[in-house]
Amino acid sequence: MTAEMSSFKRFLHWGPITALTIIKCITLTTLYMNSMWWPPNFSLGGFLNQAVFLMLSSLATFNFVMATLTGPGLLPLKWKPKDSNVTDQLQYCKVCEGYKAPRSHHCRKCNRCIKKMDHHCPWINHCVGWANHAYFTYFLLFSIIGSLHGAVILSCSFYRGIHRYWYLSRGLVHLATVQFTMYSIIMCIFAMGLAIGVVIALGMLLYFQMKSIWKNQTGIEMWIIEKAMYRRMHYPDLDEFVYPYDLGYIENIKQVFKNENVAKGIGIEWPVIEGCDQYTLTREQIAQKCEKRARTRTYKCIRKATGSYLPLFSQGFRVCLSPPCTDEPRLRLEVDDVIKVTRFRKHWLFGERVASEAEQKEAKLKKKALRGWFPRRCAIELIQPNQPVTSDEEDNNEIPTGDIPQKRVNKVKTSDLEEIVQSNGGNHRKPHQNGNHHHQHKKIK
Ligand SMILES: [Zn+2]
Ligand SMILES: [Zn+2]
């Protein structure tokens, strides 16, 4: 999938098709039931009730379509800052062959750098970012209110419908207006379930979106801040990290919902607080990636790892008694597999298995993990003169820093490495104790 596709094609995807089907299913069933429960053509109240419901449903659909069509705003390919002196403060995207503007990130699904990327949303089959953040949030809001309204109409008409004979037997003919057929009762229950599901699921999503807008921090930025704080806990000598975009909640909200504020910096320049500049965050990002690179060690598998969470029979008690307390995946390894390790525990290591492109594709299809924890005793460290660069966790591109070899992980073969195999017994370098902290970036969606 590419970021530039025709508007029509963008909707031909399970995400938009499912989302629009759910909206239409709730809307049409609610209108049908409402026409019996509170007919709009008999009273002003009935008319207004239906008009409000229709308006909410249309607004939800409109904002959904606009969020999809507008898109998040793509950073132009081969983008460069106007001032060429600042390129060393920016990350470079190998795929787009350009620098990443502040707050931009590369989306693997869209295969492009996205301005102020929040997350990739399969329901709109596009990223949520700079240009469509407001549409997306309005879509959530109107869907929730509309579904709540629909759920009330559906449950009231359901109640009337199932009590029809009771009303008739008491002579309350004016209350016995809702008449069910086999299909309509099934549709009514189904749409009620959908509407309640929408309220709960999108309600949670809207809560997280509002929290992020309130602080002017995207999902990805929250993660960067967490890492920045963690770095300072470990290295108290570092300068204090100040998040540059938090302008106070009123201004933060305007950054998303006020058109002229959104348009101002065209998603590239951002207003920052005093003491910060345009590159405060990107410098921190670069420092984080360099640090991650510096602590990456290459290991080679010498004993099969099963990928089990409790490998009692294959690895014994000691390994099982000190598992990493996280639900992150466990790696299955075969002898001679090469692993780029970034986190270290006494009995466990966390890393990414070096895989060929075909293997990576297969792993993606079968949802097999290439990154995860494995028992330390299954691998030994390889020492090489030129430490190859690891891939990034969230984007697949690298920082053009002069003194670090620009080598892609998936191109590194075991045979390339000048191996000085060390025993795993006690020879490995003292690892950076980074294990207690897990940046599990929870993608909202
Ligand atoms: Zn890119
Ligand atoms: Zn995307």
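The values are calculated or read from the model by the stated rules, or taken from the named source; none is laboratory data. As the structure is a computational prediction, the values presented were derived from the model and not from experiment. Here Cβ is always computed from backbone atoms with ideal geometry, including for glycine, and neighbour counts include all displayed protein chains.
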Among the candidates HIS126, HIS174, residue that is within 20 Å of the chain's Cα centre (by Cα) and either within 16 Å of ligand 2 (Cβ to nearest atom) or closer than 30 Å to LEU56 by Cα (or both): HIS126
Residues that are part of a loop (DSSP other than H, G, I, E, B) and surrounded by fewer than 17 Cβ atoms within 10 Å (Cβ to Cβ), drawn from the range 134-176: HIS163, ARG170, GLY171, LEU172
Matching residues in the range 190-221 - criterion: being without any contact (Cβ under 8 Å) to a residue 60 or more places away in the chain and not in a helix (DSSP H, G or I): ASN216, GLN217
Unique residue being free of Cβ contacts under 8 Å to residues at least 12 places away in the same chain and either surrounded by fewer than 22 Cβ atoms within 10 Å (Cβ to Cβ) or closer than 24 Å to TRP223 by Cβ (or both) when the list is LYS78, LYS82, LYS94: LYS82
Answer from GLY71, GLY46 - the residue that is of a type in the set (Gly, Ala, Ser), touching a residue at least 60 places away in the same chain (Cβ under 8 Å) and under 26 Å from PHE139 (Cα atoms): GLY71
Selection within the range 2-35 - surrounded by 14 or more Cβ atoms within 10 Å (Cβ to Cβ) and out of contact with any Phe, Trp or Tyr (no Cβ under 9 Å at 6 or more places or on another chain): ALA3, MET5, ARG10, PHE11, HIS13, ILE22, ILE26, TYR32, SER35
Test result for MET187, assigned to a helix (DSSP H, G or I) and loosely packed, with under 15 Cβ neighbours inside 10 Å: no
Residue ID - surrounded by the fewest Cβ atoms within 10 Å (Cβ to Cβ), chosen from residues in the range 244-283 that are within 20 Å of MET222 (Cα to Cα) and among the β-branched types (Val, Ile, Thr): ILE250
In the range 97-142, residue nearest to ILE220 (Cα to Cα) [restricted to those that are β-branched (Val, Ile, Thr) and more than 16 Å from ligand 1 (Cβ to nearest atom)]: VAL128
Of the criteria (1) at pLDDT below 95; (2) assigned by the TED database to the domain that holds PHE139; (3) of a type outside the set (Lys, Arg), which one MET55 fails: (1)
Failed criterion for MET222 (all others in (1) surrounded by fewer than 14 Cβ atoms within 10 Å (Cβ to Cβ); (2) at pLDDT below 95 hold): (1)
Residue count for the range 49-59, restricted to those that are in contact (Cβ under 8 Å) with a residue 60 or more places away in the chain and surrounded by 17 or more Cβ atoms within 10 Å (Cβ to Cβ): 5
Lone qualifier among SER147, SER104 - being more than 10 Å from ligand 2 (Cβ to nearest atom), farther than 30 Å from VAL198 by Cβ and touching a residue at least 12 places away in the same chain (Cβ under 8 Å): SER104
